[in-house]
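All remarks here apply to the structure that follows.
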Amino acid sequence: TKIRQGTVSPDHCLLSHIVDFMFVFDKTGTLTKGVLKVMTLMPAENVEKYEFLKLAALAEFNSHHPIAKAVQDCALVNLSEEVTKTFPNAELTDYYEKAGKGISVNYKGKSLLAGKNSFISENIGKEIPLYGDEIGGTQVYAAYDGEYIGCLILTDTLKNEAREAISDLNKLGLSRVE
């Protein structure tokens, strides 16, 4: 096998013996730039958009995860400085981050959650709206004081060479499998 410019080029003899094979991509940082941005705020009914963003940013305040950074950056851009300067001194206690699931923290003595749909539903004891792949992006759900407050949709930017690489794979007859 020859390796050139980060690609593997199998010898002709080896290639003739391969019947089926699969490429697996973890898109974040592989096909994308790995810099998430909040693209859409979807507050729950009767929840004001900027209050929802403030609460989501507070939930993510102590996390160093790329999702948390994107939510915090969105808050810094869209909320007043008067609001965001209070974040470091906010009444946040009992911070807990469950890897791959979500964040739980108390804010002003009430439960504040951010994470996957299942994490929020389990913690508040009721089903919440589920936004599927038709929305696209990464979905972060939030709840405060036992009530669902909304969903943020985050996206990443494709690397310049990703479209060409996927196009080349498609030309070889490879297709997307989910």
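Here Lys110, Lys126 are screened, and the one residue that is more than 13 Å from the chain's Cα centre (by Cα), open to solvent by 80 Å² or more (accessible area, probe 1.4 Å) and touching a residue at least 24 places away in the same chain (Cβ under 8 Å) is Lys110.
When every residue of the stretch 56-66 is checked against the conditions, none turns out to be of a type in the set (Asp, Glu) and over 20 Å from Glu122 (Cα atoms). When the stretch 31-80 is filtered for residues that are open to solvent by 90 Å² or more (accessible area, probe 1.4 Å) and in contact with a helix residue (DSSP H, G or I) (Cβ under 6 Å, 6 or more places away or on another chain), the ones remaining, listed by number, are Lys37, Leu76. Considering the conditions (1) of a type outside the set (D, E, K, R); (2) assigned to a strand (DSSP E or B); (3) touching a residue at least 40 places away in the same chain (Cβ under 8 Å), Ala70 is excluded by exactly one of them, (2).
When the residues of the stretch 136-158 are filtered to those that are within 18 Å of Gly100 (Cα to Cα) and touching a Phe, Trp or Tyr at 6+ places or on another chain (Cβ under 6 Å), the one that is surrounded by the fewest Cβ atoms within 10 Å (Cβ to Cβ) is Gln139. Only residues that are in contact with a Leu (Cβ under 6 Å, 6 or more places away or on another chain) and without any contact (Cβ under 8 Å) to a residue 12 or more places away in the chain: list them for the stretch 149-165, please. Answer for the stretch 149-165, where residues must be in contact with a Leu (Cβ under 6 Å, 6 or more places away or on another chain) and without any contact (Cβ under 8 Å) to a residue 12 or more places away in the chain: there is none. For the stretch 83-102, the criterion of a residue being in a helix (DSSP H, G or I), closer than 18 Å to Lys49 by Cβ and not aromatic (Phe, Trp, Tyr) is satisfied by at least one position.
Whenever a residue of the stretch 45-64 is part of a loop (DSSP other than H, G, I, E, B), its partners that are open to solvent by 70 Å² or more (accessible area, probe 1.4 Å), lying with C-beta atoms within less than 7 angstrom and at least six residues away or across chains, give the pairs Asn62/Tyr95; Ser63/Glu97. Consider the stretch 81-107. How many of its residues are open to solvent by less than 20 Å² (accessible area, probe 1.4 Å) and under 20 Å from the mean Cα position of the chain (by Cα)? Qualifying residue count, the stretch 81-107: 3. The listed residues are Ile149, Ile153, Ile135, Ile120, and the only one of them that is in a helix (DSSP H, G or I) and either of a type in the set (Val, Ile, Thr) or under 17 Å from Glu45 (Cα atoms) (or both) turns out to be Ile120.
The values are calculated or read from the model by the stated rules, or taken from the named source; none is laboratory data. Note that the coordinates shown come from a computational prediction; the quantities given were computed from them, not determined experimentally. Cβ coordinates were reconstructed from backbone atoms using ideal geometry, including for glycine residues, and neighbour counts include every protein chain displayed. Heads up: the accessible areas ignore ligands, DNA and RNA and are worked out on the full protein's heavy atoms, side chains in. Shrake-Rupley method; radii C 1.70, N 1.55, O 1.52, S 1.80 Å.
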